[in-house]
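Everything on this sheet refers to the single structure shown next.
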Amino acid sequence: MGIYTLKMFGLLAASVLIVACSYDDANDSTHSMSAKSQGAATASGALAVVLPWESTTVTEFSGDPSTIALAGKCSLEGINGAAPTTPLVSTRSGLIPTGAVVKSGGNAVFNGWMGDANGQVPTRALLVLQGPVASYAVKIVGGGARPDVAKVIGSDGLKTSGYVLKTTLSGVTPGDYRLWLVYGGPSAASACRVYSTLRVAA
């Protein structure tokens, strides 16, 4: 009985750790039904957002990523080696945390994990920077071993959900950017919000 209790305690601790740094947009109670419906309608019809799915460099694109239907799970655990600093509860209260500051044209490293609505690693995914003037995207690829995520989420498909993206922010206009992960294709895209921002300095 004692060993069983210890095992259960360990699993609970791991669950708390992963949930604390991730979010399930499919169950986001802070979004109104009208906002979700609008996003789903946009994604199922002619998608207004034209995404550069195969771009291996940061590329500007047209459209508003916040109109894409929310689905899946994701986590951004580090920007240039530093974890996002503002608690999720503050973010829900309307505060936008700044995860890191990077100069325009400078190098940036993003790491975390991602999963689609089916509990699988997305075959196509983008890291999206949504800014007040322009938005940018770059291809992101999973494959990193994350047995901890698979165990807590309960999906073997997420055993290789880890990602490490190394990129250069060439041509990115200075400003504060909200971060997203976007999965899928032009006619069936879904978005997972990352509760952190990136400040691009001049």
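Return a yes/no flag: does the stretch 118-133 have any residue that is at positive phi, surrounded by 14 or more Cβ atoms within 10 Å (Cβ to Cβ) and at pLDDT 90 or above.
Yes, some residue in the stretch 118-133 is at positive phi, surrounded by 14 or more Cβ atoms within 10 Å (Cβ to Cβ) and at pLDDT 90 or above.
Of a type outside the set (Phe, Trp, Tyr), closer than 19 Å to residue 55 by Cα and in contact with a Pro (Cβ under 7 Å, 6 or more places away or on another chain) - does that describe any residue in the stretch 107-121?
Yes: one or more hits.
Take residue 121 and tell me if it is in a loop (DSSP other than H, G, I, E, B), free of Cβ contacts under 8 Å to residues at least 40 places away in the same chain and among the aliphatic types (A, V, I, L, M).
No.
Just wondering, is there one or more residues in the stretch 125-140 that are within 20 Å of residue 74 (Cα to Cα) and either free of Cβ contacts under 8 Å to residues at least 40 places away in the same chain or in contact with a Cys (Cβ under 7 Å, 6 or more places away or on another chain) (or both)?
no
Within the stretch 142-162, is there a residue that is over 18 Å from residue 68 (Cα atoms), of a type outside the set (S, T, N, Q), in contact (Cβ under 8 Å) with a residue 40 or more places away in the chain and in contact with a Leu (Cβ under 6 Å, 6 or more places away or on another chain)? Let's see the steps before the verdict.
The initial filter retains those residues of the stretch 142-162 that are over 18 Å from residue 68 (Cα atoms), namely 142-162.
When the remaining residues are screened for being of a type outside the set (S, T, N, Q), the result is 142-154, 156-159, 162.
Subsequent filtering for residues that are in contact (Cβ under 8 Å) with a residue 40 or more places away in the chain retains 148-149, 151-153, 157-158, 162.
Still in the list and also in contact with a Leu (Cβ under 6 Å, 6 or more places away or on another chain): 149.
So far as the stretch 142-162 goes, yes, one or more of its residues are over 18 Å from residue 68 (Cα atoms), of a type outside the set (S, T, N, Q), in contact (Cβ under 8 Å) with a residue 40 or more places away in the chain and in contact with a Leu (Cβ under 6 Å, 6 or more places away or on another chain).
Across the stretch 47-94, what is the number of residues that are outside any loop (DSSP other than H, G, I, E, B), at pLDDT 85 or above, of a type in the set (A, V, I, L, M, F, W, C) and over 26 Å from residue 118 (Cβ atoms)?
The qualifying residues number 1.
What residue, among those in the stretch 174-197 that are crowded, with 17+ Cβ neighbours inside 10 Å and either more than 17 Å from the chain's Cα centre (by Cα) or of a type in the set (Phe, Trp, Tyr) (or both), is modelled with the lowest pLDDT?
195
Does the stretch 147-156 include one or more residues that are surrounded by fewer than 15 Cβ atoms within 10 Å (Cβ to Cβ) and of a type in the set (Asp, Glu)? Full working, then the answer.
From the stretch 147-156, those surrounded by fewer than 15 Cβ atoms within 10 Å (Cβ to Cβ) are 147, 154, 156; that's our starting set.
Adding the requirement that they be of a type in the set (Asp, Glu) leaves 156.
Yes.
The values are calculated or read from the model by the stated rules, or taken from the named source; none is laboratory data. Quick caveat, the model's predicted, so the values are computed rather than measured. Heads up, the Cβs are rebuilt from the backbone with ideal geometry, glycines too, and the neighbour counts pull from every protein chain shown.
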